[in-house]
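As structure tokens, the structure follows; a few thoughts come after it.
What follows is calculated from the coordinates using simple rules that are stated; it is not laboratory data. Predicted model only: the values in this text are computed from it and were never measured. Please note: Cβ atoms are built from the backbone with ideal geometry, for glycine as well, and neighbour counts cover all protein chains shown.
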Amino acid sequence: MARKGHFPFPPSEVEAGWGSPLSLPEPPLADGIVTLRPWAPTWSDAAALAGAWNDPDIARWTGVPAEPTVAVAARWISGRVARAASGLALDLAVTGLDSAEPVRGEVGLARFDPARRVAEVGFWTAPAWRGRGVAARATAVLAQWALGSPLGLAGVLARNHPNNPASAATLRRAGFTPLGRASASNVDVWLSSPSG
Ligand SMILES: CC(C)(COP(=O)(O)OP(=O)(O)OC[C@H]1O[C@@H](n2cnc3c(N)ncnc32)[C@H](O)[C@@H]1OP(=O)(O)O)[C@@H](O)C(=O)NCCC(=O)NCCS
């Protein structure tokens, strides 16, 4: 049942930034099946990212660049340190147990709202790895970390378009609860909080 009107609904429309540098989790977050590590400045990571940007589902449901090439992916990866240092976003590559394996997906936090101590999670899984729990595991691991020390968020939000049932199922499996539909943007807002 949707819990309309609860704090921190609706989500922030402003890319406020956290207000201080976001430290990447060290050692990398893992649950024994997936590992969340920083994007690496390698051609292999850039090729994986560009490949994902060219997937129709990822292009439809997430923000991808107008030119989803390996060169643009390499530039985006090289900007991750600045995005974290300025408090704008934490972008993590998802691999299997061995973080040196090829990238299977991505999970990240953005739209930090320091006043309400919330941020939004986004995720994708490369087509070849779908349906094996990659996104649900990675999203749950990142949200649990963000709700604890050192970040200590009061809530991790997610927006989901009503026509994206795979994403809704992922959020539910990752422990998120639907808050309701944000009428302005017609997206469903989900929350993971310390109290569940
Ligand atoms: C949504 C997406 C991330 C799911 O990734 P995934 O790694 O395949 O998801 P998981 O294997 O962890 O599955 C999680 C849940 O979603 C369900 N699911 C996965 N794909 C599904 C589909 N196409 N239709 C319906 N449910 C689906 C799984 O059955 C599972 O539900 P369950 O726990 O009830 O069995 C992936 O399809 C994707 O990258 N889509 C494009 C990008 C996107 O939509 N991102 C989310 C918006 S930010």
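Tabulated data
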quantity	calculated
The chain - charge dipole about Cα centre, Lys and Arg +1 at Cβ, Asp and Glu -1, debye rounded to 20	540 debye
Principal axis dimensions, largest first and in whole angstrom, of the stretch 11-192 by Cα	39, 35, 34
